[in-house]
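Reviewing the structure listed below.
The values are calculated or read from the model by the stated rules, or taken from the named source; none is laboratory data. Model, not experiment: these values are computed from the prediction. Using ideal geometry, Cβ is built from the backbone for each residue, glycine included, and neighbour counts are taken over all protein chains shown.
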């Protein structure tokens, strides 16, 4: 079976997919800019151009199926496939479906979802709840807490807090941790602090004379970080949520407030409402985050409760479920 990825030029997938050993073609397309309407003037022209690019790709590659995951490039690819009566499959990872996927879902062959309750966005008979694919190094890890703690040169006897904000970091979370760093240290906590590119120098300067803090712009071995952590502070993008469910961690979510349709808040609330996570709003993070971390770290019963409840939502084989269903449909 041959696969070809299609992405948006200038986006992360144009680097990551080739690094994983797969071919990718780029489209000249961008999403709707909510913060600056004037930047959307060229959007219709880019969309038209992308359809011509997709037509050329389809002529060369001749796909038997097209699969979209909601990125900018998904819409023209799946729209073209549907016009050519090629089977199309959608994976909606979030608890609140994106507009592109909602439009595509009307003619999709099958719609895979990360969570239940998506009938309000898609035709119910087309939905298959598969969960969200999670990296193999996390689903199959055997790293112990002791091994994880040692890999970050920390003290096994102290409660450990992992702070992650995505590859670029999360400015509000970083600023809150920075402001209340001494308070967290005085509470006997130690930190694994993934700052992202934009805050790494400031964090390094802030923590250079402090023990019990590991900082870096990026964590390569996330399975070790999850193993080490007693508490995780994280954004609530769909993939982060899926990983944390599989890892079974006590989590404080800080949803990114400018995500489309505020879907990160919806993702977090799904678990908060089931007593499987805690949440602090982004505009309250400076005042509330550190106090909640310290309060939770002192409550072992609550930590275990959150860990057990979130682990019940962990799905380790979403990738296999999706692949098996697509193959089954294509075989007829």
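For region 298-332, residues that are in contact with a strand residue (DSSP E or B) (Cβ under 6 Å, 6 or more places away or on another chain) and more than 22 Å from residue 116 (Cβ to Cβ) total 1.
Listed by position, the helices (runs of 4 or more DSSP H) inside region 180-236 whose residues that are under 23 Å from residue 268 (Cβ atoms) number at least 1 are 181-186, 222-228.
The residue list 330, 296, 289 contains one member that is assigned to a helix (DSSP H, G or I) and either surrounded by fewer than 17 Cβ atoms within 10 Å (Cβ to Cβ) or free of Cβ contacts under 8 Å to residues at least 12 places away in the same chain (or both), which is 330.
Checking each residue in region 254-284 for being under 16 Å from the mean Cα position of the chain (by Cα) and part of a helix (DSSP H, G or I) picks out 260, 261, 262, 263, 264, 265, 266, 267, 268, 269, 270, 271.
Screening residue 188 with (1) surrounded by fewer than 15 Cβ atoms within 10 Å (Cβ to Cβ); (2) farther than 20 Å from residue 146 by Cα gives one miss only, at (2).
Checking the condition assigned by TED's automatic domain parsing to the domain that holds residue 154, closer than 19 Å to residue 132 by Cα and assigned to a helix (DSSP H, G or I), which residue from 246, 251 passes? From the options 246, 251, the qualifying one is 246. Residue 158 falls short on exactly one of the conditions (1) surrounded by fewer than 23 Cβ atoms within 10 Å (Cβ to Cβ); (2) in contact with a strand residue (DSSP E or B) (Cβ under 6 Å, 6 or more places away or on another chain); (3) in contact (Cβ under 8 Å) with a residue 60 or more places away in the chain, and that condition is (3). Looking across region 256-284, just one residue is crowded, with 23+ Cβ neighbours inside 10 Å and under 12 Å from residue 173 (Cβ atoms), and that is 280.
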